[in-house]
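K.L.:
So that we are looking at the same thing, I have put the structure below in C-alpha cells.
No value in this document is a laboratory result; all are computed from the given coordinates. Keep in mind it's a predicted model, so treat the numbers as computed, not measured. Note that we place each Cβ from the backbone using ideal geometry, even for glycine, and neighbour counts take in every protein chain shown.
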Amino acid sequence: MCKIVALQQTIYMYLFTQKWLRIAFHNLLIVAILGVILRYKIAFSFPFIDQKNLLHGHSHFAFSGWITQGLMYLLIRQLKHENLDIILKEYKWLLYSNLITAYGMLISFPIEGYGFYSILFSTLSIFVSYWFAFIYWKDLQRQPTLLLSHNWFKAALFFNAFSSLGAFTLAFIMVKKIMIQKLSLLSVYFFLHFQYNGWFFFATLGLIISLLEPHLINKNIFKKVFLSFLIACFPAYFLSALWLPIPNTALFVITLSALIQIIAWGIIVYHIHLYRFSFKTMNPISKGLLLLSALALTLKLLLQLLSTIPSLSQLAFGFRPIVIGYLHLVFLGIISIAIIGYTMIDEIKKPTHLFKNGVILFVIGIIINEVLLMIQGVSDLAFIEVPFINELLFITALILFTGLLMLNIGLISKKDV
C-alpha cells in the first residue's frame, strides 16, 4: 500500500512539474519577444508602439509571469505531504491566479500604461502573493522535518509581501498627484530592492541550500549566514538611494550591510567547494549554469560595495545603461540562470540536445548583452558615441529569443533532434 501511495505521489508531482515548468519557460520566451520589440524600436522605428508602456508590460510580466511563476512552482516542489494530490490541487488555483494577473498586466500595460486595468491586475497580483505566502508558510510549518532551506523560503515570502509597500506607496502618489520625483523613485526602488534582493534572492538561494543541506555537518554557520543576509537586506535598500544626501553614520551602516553580504556569500562559496562531491552526479550544464550564476552574484555584491563610494554612485545612477545593465545582471545573470540550472537537476534530468543548445545560446546572449551594456555605460560616462551599439543590442535580443525558442521546443520534444 505504501509503495502504491508513493508511486501516486510521484506521478502527481511529475505531471504537476512538467505542466508548470513549460508554462514558466513559455512566459520567459514572451519576455524575450517583448525585449526584441523594445530593442528594435530603439535601434530603428516601430510606429504605434509606446516604448514606455511596452517597457512596463515587459518588466511586470518578467517579474510575475517568469520569475514569480517559476519560483512558486519550484517552492511547491519542496513540500512533503501525505496527501500531496490535495495540496497540489490547492496550489493549482494559486498558480492559475498568478498567471491570469501576469497576462492581464502583459496586455493592459502596453495598451494603457498605468491605467485602470493595469493597476487592477497589478493589485490582484500582490494579493495573490499574499495568498501564496499565507498558504505556503502554513504548509512549511507542517513539514515533518524543518530544514535550513525553509528559513530562506519564509524570508522570501516575507520580502515578497513587504515589497508591495513600495507599489502601494507609488499608487498613492499617483492618485494624489504628488509631484515629488524623489518620492516616486524611492517607492519604485523599494519595490525593486525587496523583489530582487528579497523575494528572488532568498527563494533562489534557498533552493541551492536545499541541495547542499543533506551533506552539511556544521549547520550553525549556515544559520548565521542566513541571519546576516536577512538583517543586511534592510539597510541595503539605501544602496539604491545613494543619490540622496545621506549622513556619514547612515552611510557607514549601508556600507557595512554590503560588506556583510560579501562575507556571508564567501562562507557559502567555501562550503559549496568543501562539499563539492555532492554535485558530482549533477549534469555538466547544470553545474556550469550554477557556477555562472554564482560568479554573477559575486560581481553584483562587489558592485554594491563599490557603489558606496560617493563619486562612483553619482556616476552609476546618472546613466541609464549602467542601471539597465545592473538590473539585467541580477534578473538574467543570477536569478534566471540559477532557475534554469536548478530545474535541470530534477525536473529535466535528460534534456534534449535542442534544449541544451538553447540554454547555451541563451547564456551567450546574456553575456554579450552585459558586455554591450557595460560598453554603452562607460562610453556615456566618457561622452563617446559607440557606433551601431543599439543595433548590436537588438541582435543580442534576437540571440536571447532564439536560445529561448530552442529551449522551449526542446522542452516539449519527445526525442532528441
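K.L.:
I'd like the distance separating the alpha-carbon centroids of the stretch 319-397 and the stretch 204-252, in whole Å.
P.N.:
Result: 25 Å between the Cα centres.
K.L.:
Could I ask something else about it? Give the calculated FRET efficiency between Gln51 and Lys350 to the nearest 0.05, with a Förster radius of 60 Å applied to their Cβ-Cβ distance. Kindly include the intermediate steps, with their values, before the conclusion.
P.N.:
On the way: r = 42 Å, r/R0 = 0.70.
So the FRET efficiency works out to roughly 0.90.
K.L.:
My understanding is that a pair violates if its Cα-Cα distance is over 24 Å; which of Lys154/Lys223; Lys41/Lys356; Lys224/Lys287; Lys92/Lys356; Lys89/Lys219 do that in this structure? Don't jump to the answer; show the numbers that get you there.
P.N.:
Details: Lys154/Lys223 13 Å; Lys41/Lys356 30 Å; Lys224/Lys287 26 Å; Lys92/Lys356 28 Å; Lys89/Lys219 34 Å.
The pairs that break the limit, which is 24 Å between Cα atoms, are Lys41/Lys356; Lys224/Lys287; Lys92/Lys356; Lys89/Lys219.
K.L.:
Oh, and also: Which peptide among 374-381, 171-178, 26-33 comes first, and what is the full order, when sorted by highest mean count of other Cβ atoms within 10 Å? Please list the in-between numbers first.
P.N.:
Values: 374-381: 16.8, 171-178: 11.4, 26-33: 20.9.
Per-residue Cβ counts within 10 Å, averaged per peptide and sorted highest first, yield 26-33, 374-381, 171-178.
K.L.:
Just one of (i) 21.4; (ii) 18.3; (iii) 24.8 is mean projected area of the Cα convex hull in nm² calculated from these coordinates, so which is it?
P.N.:
(i)
K.L.:
Which FRET efficiency value, to the nearest 0.05, do you get for Thr123 and His26 by plugging their Cβ-Cβ distance into 1/(1 + (r/R0)^6) with R0 = 30 Å? Don't jump to the answer; show the numbers that get you there.
P.N.:
Working: r = 25 Å, r/R0 = 0.82.
FRET efficiency, Thr123 to His26: 0.75.
K.L.:
Then there is this: What is the gain in length, in nm to one decimal, between Phe168 and Ile375 on full extension, counting 0.36 nm per residue of separation less the C-alpha to C-alpha distance?
P.N.:
Details: separation 207, 0.36 × 207 = 74.52 nm, distance 3.57 nm.
Gain on stretching Phe168 to Ile375: 71.0 nm.
K.L.:
In a GNM of the chain with a 10 Å cut-off on Cα contacts, which of Trp152, Trp199, Trp20 has the highest mean-square fluctuation?
P.N.:
Evaluated over the chain, the most mobile residue of the options is Trp20.
K.L.:
Checking the a/c ratio against 1.5 first, then a/b against b/c, what shape does the Cα gyration tensor give for the stretch 119-251?
P.N.:
Values: a/c = 3.60, a/b = 1.52, b/c = 2.37.
The shape class here is oblate.
K.L.:
Say a site is exposed when it is one of the GluC sites (Glu not before Pro), sits in a DSSP loop, and has at most 14 other Cβ atoms within 10 Å; what is then the longest site-free stretch of the chain?
P.N.:
Working: sites that count: Glu82, Glu385.
Here the longest run is 83-384.
K.L.:
What value, in deg cm²/dmol to 500, does the helix sum -39500 (n - 2.57) over DSSP H runs of n ≥ 4 give at 222 nm once divided by the residues of the chain?
P.N.:
Numbers: 17 runs with 314 residues, N = 417.
The helix contribution divided over the chain gives -25500 deg cm²/dmol.
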